[in-house]
1. Report, to the nearest whole %, how much of the accessible area of region B:34-114 belongs to carbon and sulfur atoms, 1.4 Å probe, protein only.
2. Tell me which lysines have Cα within less than 26 Å of A:Lys73's Cα, excluding those fewer than 8 residues away on the same chain?
3. So how far, in whole Å, is the C-alpha centre of region B:39-98 from the one of region A:34-60?
4. Could you compute how much accessible area chains A and B hide from each other, both sides summed, with a 1.4 Å probe? Nearest 100 Å² is fine.
5. At 0.36 nm per residue, minus the direct Cα-Cα distance, what do B:Ala2 and B:Thr112 gain on full extension? Give it in nm, one decimal, please.
6. Rounded to two decimals, what is Rg over Rh for chain A when you use alpha-carbon atoms and the Kirkwood radius?
7. Would you work out which of A:Ser82, B:Met33, B:Leu98 lies farthest towards the positive end of the dipole of the protein assembly as shown? Charges go on Cβ: Lys and Arg +1, Asp and Glu -1.
8. If I model a spin label at B:Lys64 and B:Lys20 as a point 7 Å from the Cα along the Cα→Cβ vector, what separation in nanometres do I get?
Amino acid sequence: AQRVTQPEKLLSVFKGAPVELKCNYSYSGSPELFWYVQYSRQRLQLLLRHISRESIKGFTADLNKGETSFHLKKPFAQEEDSAMYYCALRGYGGATNKLIFGTGTLLAVQP
Amino acid sequence: GAVVSQHPSRVICKSGTSVKIECRSLDFQATTMFWYRQFPKQSLMLMATSNEGSKATYEQGVEKDKFLINHASLTLSTLTVTSAHPEDSSFYICSASLGSTEAFFGQGTRLTVV
């Protein structure tokens, strides 16, 4: 079964501190992993995807197939990073490429 | 990025009535649209996958007769909540994608059933 687990509901850090948002997944094949972000009163938007291997707004995430993890990291948190972060998985089973979301982690960056 | 628009953004209806929510891809043709439901401070729960010109595929536990989905064109999918009850009050979000590319999300619709 496809499953995405984000163990932390809330992560509170001070500005300038490192951030790591955890994400673990369960999938039998080779999934595609994403991080989506939802800022206050805004729609969900893509932050980054593992196949791109890029850094967006200072965030990076590496897919670790051995640990089935896709943790999101940023070395120095900024106040504007405060938002809800969702890890998502897309598999290639059946007729659709549906996205399955984790429960989300609220990142609060304190000044 | 591409734009997905949902309408209405907020709706209040009486218990027992039906409500239709529209999801439009404004600048691209979406082969697949997805409907999610989000409870307060919880994750997005996938309700169904809608492919243009075919019947929607519903996730386990989602009543297809309760949540009617129509995907009549490559730019429009509608979700109709039939005979709405207070427990149907929620935030409904659609997303649209073209093939295996990035999914783009609508701004969501807040449904309140009184």
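1. Details: 1950 of 3620 Å².
Result for region B:34-114: 54 percent of the exposed heavy-atom area is carbon or sulfur.
2. Result set, ordered by chain and number: A:Lys9, A:Lys15, A:Lys22, A:Lys57, A:Lys65, A:Lys98, B:Lys41.
3. Answer, in whole Å: 24.
4. Numbers: alone 6460 and 6260 Å², together 11200 Å².
Buried surface at the A/B interface: approximately 1500 Å².
5. Values: separation 110, 0.36 × 110 = 39.60 nm, distance 2.85 nm.
Answer, rounded to one decimal: 36.8 nm.
6. On the way: Rg = 13.7 Å, Rh = 14.1 Å.
On the Cα set of chain A, Rg over Rh gives 0.97.
7. Result: A:Ser82, furthest along the dipole toward the positive end.
8. Once both label points are built, they end up 2.1 nm from each other.
The values are calculated or read from the model by the stated rules, or taken from the named source; none is laboratory data. Just so it is clear, the model here is predicted, and its values are computed rather than measured. A quick note on method: Cβ atoms are made from the backbone with ideal geometry, for glycine too, and the neighbour counts reach across all protein chains shown. Ligands, DNA and RNA are excluded from the accessible area calculation, which covers all protein heavy atoms including side chains. Shrake-Rupley method; radii C 1.70, N 1.55, O 1.52, S 1.80 Å.
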